[in-house]
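Since the structure comes first, as structure tokens, the remarks are kept for the end.
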Amino acid sequence: RHPLWLLTRPVTFRLLFDTLALVRQRGSDQSVADFLRARRVTDGLGWRLADTAVNSACTSLEDFGVADASAALMSPQAHGGTFRPREGYQMLVERIGQGLDVRSGEPVTTVRWSEAGVAVEAGRSVRAHAAIITLPLGVLQAELVHFAPALPDPKRRAIATLTMHSAVKVFCRFRRSVDDARIHVIASDGEIPAFWRTPDPAVWTAFVTGPRAQALAAAPERAAARLCALLEPEARRVLDAIEVVDWGRDPWSRGGYSAAPVGAFSARAVLAERAGRLVFAGEASATDGAAGTVGGAISTGERAAAEVRTLLGV
């Protein structure tokens, strides 16, 4: 439906007021689901709109803490545009890393640290005065990298407390552009909350995160069928290919991005704290509501770089 249709629905205004209440929420944390139930939003359009929105947080209404949701709504990230490099994010990494000795294809197995410095084992040993740890939360939780000595107990508890669910994208390529080219995003109820058109007008993306993501990864044809049902009648006939990207099964990410369940928002600040000469960055350590975004990852990297400069006295 046209977005203006939502303005004719009383539940839309109820949700706007509820969102303002969520931003101003103080006191004990609770799940977004419980927050909505307390305001008599239990099913129907209001619940579906909230469920579609929380899909972007890589969690579920039942698992998403109000404190984390409130921070995300107040973050500058929530009020700006969404941008993606046409050449892919590797271009962004290469641009930031210009002039640095960047080495890929050398998985780290051990990080040895002390007040004297850091040694990283990756098939060979690399020594430095300090190290910035940007391992994804899912990799930290899987303990794929061994820290010697072990990380401090508060940091280990913070890593275990935050959640790292999967994120699945199903790309549906058509032999031509389908439906009205002015349509860029479709919000849907059910197991697939969001579809969007890519810069290639003949390619659509189904995006599902949180606990339900794995079900879609196992049956991507359901995403294609649902999308075709929402597009023009000829869409199924011109569907050409389906491709699945499952971040939960990627061994170097082990999930999409982080979320803070009830009572866990403070874990982000603990994760961001320096441990000796180990400085931590990455979206999960963003404390300004920008967790789960590229902007949040970049800002924590800038913060970590400043910490290293202070640590080294430069």
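Restricting Ala33, Ala72, Ala53 to residues that are under 15 Å from Ala290 (Cα atoms) and part of a helix (DSSP H, G or I) narrows the list to Ala72. Just to be sure, is Ala215 aliphatic (A, V, I, L, M) and either open to solvent by 30 Å² or more (accessible area, probe 1.4 Å) or touching a residue at least 12 places away in the same chain (Cβ under 8 Å) (or both)? Yes.
Looking only at residues that are more than 17 Å from the chain's Cα centre (by Cα) and within 16 Å of Ala269 (Cβ to Cβ) in the range 137-159, which one is surrounded by the most Cβ atoms within 10 Å (Cβ to Cβ)? Write out each step before concluding.
Our first condition is that a residue be more than 17 Å from the chain's Cα centre (by Cα); within the range 137-159, this holds for 142-158.
Add one more test, that the residue is within 16 Å of Ala269 (Cβ to Cβ), and what stays is 151-158.
Numbers: Leu151: 20, Pro152: 15, Asp153: 8, Pro154: 13, Lys155: 21, Arg156: 16, Arg157: 14, Ala158: 26.
My answer is Ala158.
With the requirement that a residue be β-branched (Val, Ile, Thr) and either within 30 Å of Thr109 (Cα to Cα) or assigned to a loop (DSSP other than H, G, I, E, B) (or both), what does the range 225-259 give you?
Listed by number, the residues that qualify are Val244, Val245.
Within the range 265-307, the set of residues being farther than 13 Å from Ile133 by Cβ, in contact with a Lys or Arg (Cβ under 8 Å, 6 or more places away or on another chain) and in a helix (DSSP H, G or I) comprises Ala267, Val270. Residue-level check: of (1) open to solvent by 50 Å² or more (accessible area, probe 1.4 Å); (2) over 21 Å from the mean Cα position of the chain (by Cα), Ala122 misses just (1). Scanning the range 268-307 for residues being under 14 Å from Leu162 (Cβ atoms), open to solvent by less than 20 Å² (accessible area, probe 1.4 Å) and over 16 Å from the mean Cα position of the chain (by Cα) gives a total of 3. Pairing each residue of the range 223-243 that is under 20 Å from Ala194 (Cβ atoms) with any residue that is among the acidic types (Asp, Glu), provided the two are 6+ apart or on different chains, yields C-beta distances under 6 Å for Leu231/Asp179; Glu232/Asp179. Screening Val32, Val111 for residues that are open to solvent by less than 60 Å² (accessible area, probe 1.4 Å), at pLDDT 80 or above, farther than 24 Å from Ala260 by Cα and in contact with a strand residue (DSSP E or B) (Cβ under 9 Å, 6 or more places away or on another chain) leaves exactly one candidate, Val111. Within the range 243-253, identify whether any single residue is surrounded by 18 or more Cβ atoms within 10 Å (Cβ to Cβ) and either out of contact with any Ser or Thr (no Cβ under 9 Å at 6 or more places or on another chain) or at pLDDT below 90 (or both), and answer yes or no. Yes, that holds for at least one residue. For the range 172-181, the count of residues that are open to solvent by 20 Å² or more (accessible area, probe 1.4 Å) and within 21 Å of the chain's Cα centre (by Cα) is zero. Filtered by the rule that a residue be among the basic types (Lys, Arg) and either at pLDDT 90 or above or closer than 25 Å to Glu283 by Cβ (or both), the range 163-196 gives Lys169, Arg173, Arg175, Arg176. With the condition kept exactly as written, say whether any residue in the range 82-89 is open to solvent by 80 Å² or more (accessible area, probe 1.4 Å) and not in a loop (DSSP other than H, G, I, E, B). Yes - at least one qualifying residue is present in the range 82-89.
The single condition among (1) open to solvent by less than 70 Å² (accessible area, probe 1.4 Å); (2) of a type in the set (A, V, I, L, M, F, W, C); (3) under 23 Å from the mean Cα position of the chain (by Cα) that Cys228 does not satisfy is (3).
Pairing each residue of the range 73-91 that is at pLDDT below 80 with any residue that is exposed (fewer than 10 other Cβ atoms within 10 Å of the Cβ), provided the two are 6+ apart or on different chains, yields C-beta distances under 9 Å for Arg84/Pro199; Arg86/Pro199. Considering Arg212, Arg226, Arg237, the condition of being at pLDDT below 90 and not polar (S, T, N, Q) is satisfied by Arg212 alone.
Residue-wise test of (1) of a type in the set (Ser, Thr, Tyr); (2) farther than 30 Å from Gly117 by Cα.
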| residue | (1), (2) |
| --- | --- |
| Glu191 | no, yes |
| Ala213 | no, yes |
| Glu221 | no, yes |
| Ala224 | no, yes |
| Glu243 | no, yes |
| Trp252 | no, no |
| Ser266 | yes, no |
| Leu278 | no, no |
| Glu283 | no, no |
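The values are calculated or read from the model by the stated rules, or taken from the named source; none is laboratory data. This one's a predicted model, so the numbers in the text were calculated from it and none came from an experiment. Neighbour counts are summed over all protein chains in view; Cβ atoms, including those assigned to glycine, are modelled from backbone coordinates with ideal geometry. Accessible surface is based on the protein model in full, side chains and every heavy atom, while ligands, DNA and RNA are left aside. Shrake-Rupley method; radii C 1.70, N 1.55, O 1.52, S 1.80 Å.
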